[in-house]
Amino acid sequence: MSFEPILLESINYFQPKNIATMKYRNAFFTILFASALMLSSCWKVDYFPCVSPRGANVKEERFTGYFDGINLRLPAKVYVNYGKEPSISVIAPENIQEYIETKSTGNTLVIDNSRCLKTTNNDIIIYVTMPDITFLRVAGSGNIIVDSFLYEESISAEVSGSGSIYLSGEFDRVYCSVSGSGKIDMTGSSYIQNSQISGSGRVDALDMVSELVDIKISGSGQAWVFATKRLDARISGSGKVYYKGNPAININISGSGNVIHL
């Protein structure tokens with residue numbers, strides 16, 4: 001049996017019928033190749049199958065370099081306190097301790113998992129002590145709880161997903177960003193507070209007294225703020241801003257949103 005007809009048929013099949021077809025085909029294979037590269041870089045070796053927590057909790061002390069920010073990327077509760085020397089304590093079931101990563105990247109402590117874990121926020125508890133704090137980020141459903149920091153120049157708090165950040169302290173400038181259904185709670189004081197909400201998330205800062213507040217909502221999110229001098233509120237969608245104080249007000253609403261004085 002000759003394979004020549006089959007070979008010729010295959011070659012003819014892949015031959016472009018015109019220049020436009022060739023361009024579309026080249027674009028398709030380019031996108032396919034790029035997607036394969038992205039997937040291969042995102043997947044971790046031996047990431048599956050998922051591991052469920054078992055056994056008694058054990059405590060591990062972790063050591064990294066200096067950091068003034070935290071990036072939480074797995075379901076866990078992280079308690080942050082002020083201290084001159086940085087320290088990290090991880091409390092979790094023994095069989096998953098090895099899969100909980102704590103590493104310093106630049107000046108950021110990255111908390112992640114090297115393998116798929118079937119855990120909740122109550123399964124992994126992490127205590128962090130740090131002398132300075134400038135950046136907090138939660139990606140997913142984790143929680144970061146920051147006890148009172150007496151003074152910092154500025155801090156950025158970001159939630160992407162359904163997680164939450166509780167922040168207490170005195171700051172010159174506070175920047176908050178919520179994307180998704182997450183939440184940021186703040187207490188203390190600041191000179192400038194900048195908050196952005198995209199989605200159905202919320203920022204609760206009624207107990208964060210700020211002189212200047214700038215809040216932007218895109219979607220159905222809600223914000224509670226305390227402004228003493230000026231409030232700038234921009235809403236696109238059905239979001240709401242509730243505020244205390246008697247500041248000068250600048251409001252821009254596109255949609256059914258509202259700004260309400262408490």
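Bear in mind that the values in this text are calculations on the coordinates, not laboratory data. Computed from a predicted model, the values in this text were never measured in an experiment. Heads up, the Cβs are rebuilt from the backbone with ideal geometry, glycines too, and the neighbour counts pull from every protein chain shown.
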- Filter the range 236-250 for residues that are within 26 Å of the chain's Cα centre (by Cα) and farther than 17 Å from Ser181 by Cα and give the result. Tyr242, Tyr243
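Look through Ser177, Ser189, Ser160 and report the one residue that is in a strand (DSSP E or B) and either acidic (Asp, Glu) or within 14 Å of Ser141 (Cβ to Cβ) (or both). So that I can check it myself, show each step before the final result.
Numbers: Ser177 fails: either acidic (Asp, Glu) or within 14 Å of Ser141 (Cβ to Cβ) (or both); Ser189 fails: either acidic (Asp, Glu) or within 14 Å of Ser141 (Cβ to Cβ) (or both).
One residue alone meets the criteria, Ser160.
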- Query: Counting residues that are within 27 Å of Leu150 (Cα to Cα), which strands (runs of 3 or more DSSP E) fully inside the range 44-93 reach at least 3?
  - Reply: 69-72, 77-82, 87-93
